[in-house]
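As structure tokens, the structure follows; a few thoughts come after it.
Here, each number is a calculation from the coordinates, and none is a lab measurement. Keep in mind that what you see is a predicted model, and the values were worked out from it rather than measured. With ideal geometry, Cβ positions are generated from the backbone for all residues, glycine too; neighbour counts draw on all protein chains shown.
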Amino acid sequence: MHLRTFLAALIGGVSLMSVAFAQTPAAPVTLHGAGATFPAPLYQKWIEVYRKAHPEVAIDYEAVGSGEGVKRFLDNAVDFGASDSAMSDEQIAKAKAGAVLVPATAGAIVLAYNLPDVEGTLKLSREVYADMFLGKIREWNDPRIQALNPEIKLPRQTIALIARQDSSGTTYAMTQHLAAISADWRNGPGIGKTVNWPGVSATARGNEGVAGRIKRSWGSLGYVEYGFAKRLGLPMIHLQNKAGVFIAPDFASAQAALAANVGQIPPNLRVFLPDPDGKDAYPIVTFSWLLLHGQYADAGKRDALKGFVNWALADGQQHSAAEGYIPLPDGVATLARAAVDRVQ
């Protein structure tokens, strides 16, 4: 073979190899996650959108509750967990591969109710709704409730309180708030992912279960993430905030709560706002965290997960409002991406 012919063949072969290499798809990766029900609709939306742009990355997420999510994470049964109560120092110490807490979204916890014959919007003061959950106020037409709503005719009906049955970050955030505003709650049931509810009539699993139970139960009242109540068309109570103002639960008031308190976020990104400052702030808000292992033995999974989470902290935030969640303030998103960068 002449030298010129040989070189042409060699160059042509290298070019074909380059094209073939460039067209070789990335190795498929499957990521498994589990945890909080609070942010589940948003996480499912993120997964749906991300998969269209990255078909090589399959992600599944089980909404099993924050408690179970932390358990599976610590058992290394999932590639990532999710919790509305983050993780305690004791839990982090048990994470064999380390744990990185990444605030991924935020939302409001509302008091939704079912009184179909009642017209108008109900208002409740801090003392009154704390006493309702303590079982001290058991009728909808109780004088203390009626005095706050003089223009509304309330029925003589037992208040059927609905709470979470499973270990729940939503419960953790709700009980943190009740403990912040009521000494009786603080010294009684206290704070936890599960507590003994003195006034509760029934329980249900997950935010979806609680919202559905409220929808089916006349006279009911329960705590649930804003997006779940909105999707089912449940009426929501205007709650009195720390400044003494009765606030409607909505996107703007939840954003106001975060904006007025973002300076409280510590370096480990584990911050709770049990009773936020601000005259326009809705009083019950919470961040929700993704739980990432500090180290991954599988570099492919690590890189795919970091790519997904970084996308969620940037482009993914634009889907938050439509799903009933609060986009992360820019400062929080920046801190969250820095935490993702620490994953090895």
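Here are some notes:
- Table column - 3J(HN,Hα) (Hz), segment 283-288, Karplus curve with 6.51, -1.76, 1.60, x for Gly and Pro: x, 10, 10, 8, 7, 10
- Considering every alpha-carbon pair of segment 177-297, the percent of pairs per 10 Å bin, from zero through the bin containing the longest distance, is 11, 34, 39, 13, 3, 0.
- Degrees, to the nearest 10: 169-181 long Cα axis against longest axis of the chain: 40 degrees
- Taking 7 Å steps out from each Cα toward its Cβ at ASP60 and ASP277 produces label points 4.7 nm apart.
- For the set LYS94/LYS306; LYS45/LYS242; LYS123/LYS230; LYS71/LYS215, the pairs lying more than 26 angstrom apart at their alpha carbons are LYS45/LYS242; LYS71/LYS215.
- Overall Cα dimensions of segment 272-344 - principal axes, largest extent first, Å: 47, 24, 18
- Integer Hz, Karplus 6.51/-1.76/1.60 couplings in order for segment 132-142, x for Gly and Pro: 5, 6, 7, x, 7, 10, 10, 10, 5, 8, 3
- Our estimate of slack between THR121 and LEU232, defined as 0.36 nm per intervening residue step minus the Cα-Cα distance, is 38.3 nm.
- Gaussian network model of the chain, springs between alpha carbon atoms under 10 Å - residue of ASP84, ASP280, ASP117 with greatest fluctuation: ASP117
- Rounded if a/c under 1.5, otherwise prolate or oblate - segment 120-165, Cα gyration tensor axes: prolate
- Global size of segment 55-168 as Cα Rg and Dmax, reported in angstrom: 20.6, 60
- Unit Cα scatterers, Debye sum, the chain: log10 I(q)/I(0) for q = 0.10 Å⁻¹: -0.61
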